[in-house]
Amino acid sequence: MKYKHILFDIDGTLVDNESAVINTWQQTIEELLGKHFEKDELNFVLGIPGITTMQRLGVDHPEEAFDLWSSHFQEYRSEITLFEGIDEVVGILKQKQFNLGLITSRTRDELNNDDALCRIFHLFDIAICVTDTVNPKPSADPIFAYFEKTGAVPSETLYIGDAAYDSLCAANAHVDFALATWSDGKKKISCKYELGKPSDILNIIK
């Protein structure tokens, strides 16, 4: 068995929260900047840290502004669900005794306040959040932090994500990357494996 450690991104990979995230950004930007963005104009916010998005938007005091975003996000929590089949696949991986980790651009509070993710969160051994390293994705630092905590090595590690930041993070850490396309099958992102549905993960680790 080549892989011993399987790492997952969360948003767009394990949980379907795109609608909730976009709605929250739309509301927050209007409040902070007085500007209206159409939903399809906000796709750039997906997969990157919220404070980074605030900085790109030129918002003053981005950390305080992101606190406002987090407050608004609570209004949309009920829209978040696990992708179909994810809970079953993660359960099988755990039964097969893989070491499971989370590499995410979420803060620790965001991680702990997700009603959908909590259904499978206990199956993961370690979660590395955006606040756990100096440099977030696409830097390799989050995966390196996982290595430091577990003793894992790149050749035995697979990272599964849905965004360019995930692909770059894996490449910078010299680990294999599997692209999850079940949230958007039209992605053109560098990867070793392309996954059309969660159960495809099981074909990689046979």
Q.
Using only Cα atoms and rounding to the nearest 10 degrees, what angle (0 to 90) does helix 164-173 make with the longest principal axis of the chain?
A. 50
Q) If you bin the C-alpha pair distances of the chain every 10 Å from 0, what whole percents do you get? A) 8, 37, 37, 15, 3, 0
Q.
Going by amide H atoms built from the backbone, whose H comes under 5 Å of the H on Glu194, apart from near neighbours?
A. Leu179
Q: Using a 1.4 angstrom probe on heavy atoms only, work out the carbon and sulfur share of the accessible area of the chain in %.
A: 47
(Q) At a 10 angstrom cut-off on C-beta neighbours, averaged per residue, how do the peptides 108-114, 125-131 rank from highest to lowest? (A) 125-131, 108-114
Q | Of Leu33, Tyr76, Pro142, farthest towards positive along the dipole that unit charges on Lys, Arg, Asp, Glu beta carbons give the range 26-152 | A | Pro142
Q. Which distance in Å, rounded to a whole number, links the C-alpha centroids of the range 181-206 and the range 90-140?
A. 19
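May I ask for the Rg/Rh ratio of the range 1-106, computed from Cα atoms with Rh as the Kirkwood radius, given to two decimals?
Working: Rg = 16.5 Å, Rh = 15.4 Å.
With Rg and the Kirkwood Rh in hand, the quotient comes to 1.07.
Go through Lys39/Lys137; Lys35/Lys186; Lys137/Lys192; Lys4/Lys94 and tell me which ones have a Cα-Cα distance over 20 Å in this structure. Present the calculation step by step, with values, prior to reporting the outcome.
Numbers: Lys39/Lys137 24 Å; Lys35/Lys186 29 Å; Lys137/Lys192 18 Å; Lys4/Lys94 11 Å.
From the list (Lys39/Lys137; Lys35/Lys186; Lys137/Lys192; Lys4/Lys94), the Cα-Cα distance tops 20 Å for Lys39/Lys137; Lys35/Lys186.
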Q: Taking the chain as the reference, fit the longest principal axis to its C-alpha atoms, fit the long axis of helix 18-33 to the helix C-alpha atoms, and give the angle between the two in degrees, 0 to 90, nearest 10.
A: 30
(Q) Could you work out [θ]222 nm for the chain from helices alone, using -39500 (n - 2.57) per DSSP H run of at least four and dividing by all its residues? Round to the nearest 500 deg cm²/dmol. (A) -10000 deg cm²/dmol
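Write down, largest first, the equivalent ellipsoid semi-axes of the range 92-182 in whole Å, where each equals the square root of 5 times an eigenvalue of the alpha-carbon gyration tensor. Walk me through the intermediate numbers first.
Values: eigenvalues 69, 54, 38 Å².
The equivalent ellipsoid of the range 92-182 has semi-axes of 19, 16, 14 Å.
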Q: Kindly report the accessible area of the chain per residue (heavy atoms of protein chains, probe 1.4 Å, no ligands, DNA or RNA), in Å².
A: 49
Q | Reciprocal of mean inverse Cα separation for the range 37-153 (Kirkwood radius, Å) | A | 16.0
Q.
With +1 assigned to the C-beta of every Lys and Arg and -1 to the C-beta of every Asp and Glu, and no other charges, what is the dipole magnitude of the chain about the Cα centre in debye, to the nearest 20?
A. 1000
Q. Can you tell which of Gly34, Gly91, Gly196 shows the greatest fluctuation in a Gaussian network model of the chain with Cα springs below 10 Å?
A. Gly34
Q.
Can you tell me what share of the DSSP beta bridges in the chain is antiparallel? A percent to the nearest 5 is fine.
A. 10
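The values are calculated or read from the model by the stated rules, or taken from the named source; none is laboratory data. In this text the structure is predicted, and so the values were computed from the model without any measurement. Glycine also receives a Cβ, built like all others from the backbone with ideal geometry; neighbour counts cover every protein chain displayed. Only protein heavy atoms, including side chains, enter the accessible area calculation; ligands, DNA and RNA are left aside. Shrake-Rupley method; radii C 1.70, N 1.55, O 1.52, S 1.80 Å.
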